[in-house]
1. Just one of the numbered conditions (1) exposed (fewer than 11 other Cβ atoms within 10 Å of the Cβ); (2) over 16 Å from the mean Cα position of the chain (by Cα) is not true of ALA57; which one?
2. So which residues in segment 29-75 are free of Cβ contacts under 8 Å to residues at least 12 places away in the same chain and part of a helix (DSSP H, G or I), if there are any at all?
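Derivation of every value follows stated rules applied to the coordinates shown; laboratory data play no part. Small disclaimer: the values here were computed from a predicted structure and weren't measured. Note that each Cβ is placed from the backbone with ideal geometry, even for glycine, and that neighbours are counted across all protein chains shown.
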Amino acid sequence: MDHKTPIRQFLRDLLARKSDGQPFSDDSSLLISGRFDSVDAVDIVVMLEERFNIDFAEIGFDQSMIDSVDSIDSLIRSAQAAKPSESSVEEQREQTGHVSKN
């Protein structure tokens, strides 16, 4: 799944609110470089939690995790890889005889 397109758009929208229309590449530093501030970081974290189910309470937080499109994409991919999908959870339950009674 392509996460970069919605990430780019969200970051462009955040920059536009700051009247920053300068282009950026996927590896451009946006937070550490100062283009984004702590309030913007909170907006990015909330978007990641709501849209991609990233749980920062579980994985911890470092500003480098959300500094660029590439770093955000990497964060999403690693967080999703660490969480078993619902179908794999159900398959594991069936294999062990622990089937949910829905």
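1. (2)
2. Answer for segment 29-75, where residues must be free of Cβ contacts under 8 Å to residues at least 12 places away in the same chain and part of a helix (DSSP H, G or I): SER38, VAL39, VAL42, VAL46, GLU49, GLU50, PHE56, ALA57, GLU58, MET65, SER71, SER74.
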